[in-house]
Amino acid sequence: MERSSQYAAKFIRDLSALVERLAARDIVIGSLHTEYSSFGSWQLIAIKHHEAVRFRWDGRDGYLTVAGSPMPDSRTQKEWREEVVKGFDRVAGDDPQLFVDQYLTKRFPI
């Protein structure tokens, strides 16, 4: 049986792997906030081409909320507009991180 410290480390490694995949496509992670102790919830803000996309994963309820905002420069306050709210069945193997990867691949094609 794994200890919770090992689960927490895997949680961070999985998110780090997502960040690396996105960086390889020149997508900047402007912010990443994780809460392992809050059911593995996290928030990630991805930036490319003067556009920001925010992903909020609610680990307790299994919902991912996606919002977008134009970002002409770093000083401009973001005006988030909700784009998607998607429920995930973790038992069935749904993966919110894979969804983020695929969503940004479509949003910012190479």
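Amide hydrogen proximity for D94: with H placed 1.01 Å from N in the peptide plane, the residues at 5 or more positions away or on another chain lying under 5 Å are D89. For the chain, the longest principal axis of the alpha carbon atoms and the long axis of helix 96-107 meet at an angle near 20°. When the Cα centres of the stretch 1-37 and the stretch 50-108 are compared, how far apart do they sit, in Å? Centre-to-centre (Cα) distance: 15 Å. Backbone amide hydrogens, once placed in the peptide plane, bring E51 within less than 5 Å of M71, excluding anything fewer than 5 places away on its chain. Would you be so kind as to identify which of W57, L98, G30 lies farthest towards the positive end of the dipole of the chain, taking Lys and Arg as +1 and Asp and Glu as -1 on Cβ and the Cα centre as origin? The residue sitting most towards the positive pole is G30. Taking the number of Cβ atoms within 10 Å of each Cβ as an exposure proxy, the fewest-first ranking of F99, F55 is F99, F55. With r defined as the distance between the Cβ atoms of L32 and D89 and R0 fixed at 25 Å, what FRET efficiency is calculated, to the nearest 0.05? For L32 and D89, the calculated efficiency is 0.55. The relative contact order of the stretch 1-94 comes to 16 percent, based on Cα pairs under 8 Å that sit 6 or more residues apart.
Helix-only arithmetic for the chain: the sum of -39500 (n - 2.57) across DSSP H runs with n ≥ 4, divided by the residue total, places the mean residue ellipticity at 222 nm at -10000 deg cm²/dmol.
So what is Rg over Rh here for the stretch 19-71, counting just Cα atoms and using Kirkwood for Rh?
My calculation of the ratio gives 1.01.
For the stretch 49-64, 3J(HN,Hα) computed residue by residue from phi via the Karplus equation (6.51, -1.76, 1.60; θ = phi - 60°) reads 6, 6, 9, 10, 10, 10, 10, 10, 9, 9, x, 6, 9, x, 10, 10 Hz, glycine and proline entered as x.
Rule-based calculations on the coordinates, nothing more; no lab input. No experiment lies behind these values; they were computed from the predicted model shown. Every residue, glycine as well, gets a Cβ built from its backbone with ideal geometry; the counts of neighbours run over all protein chains shown.
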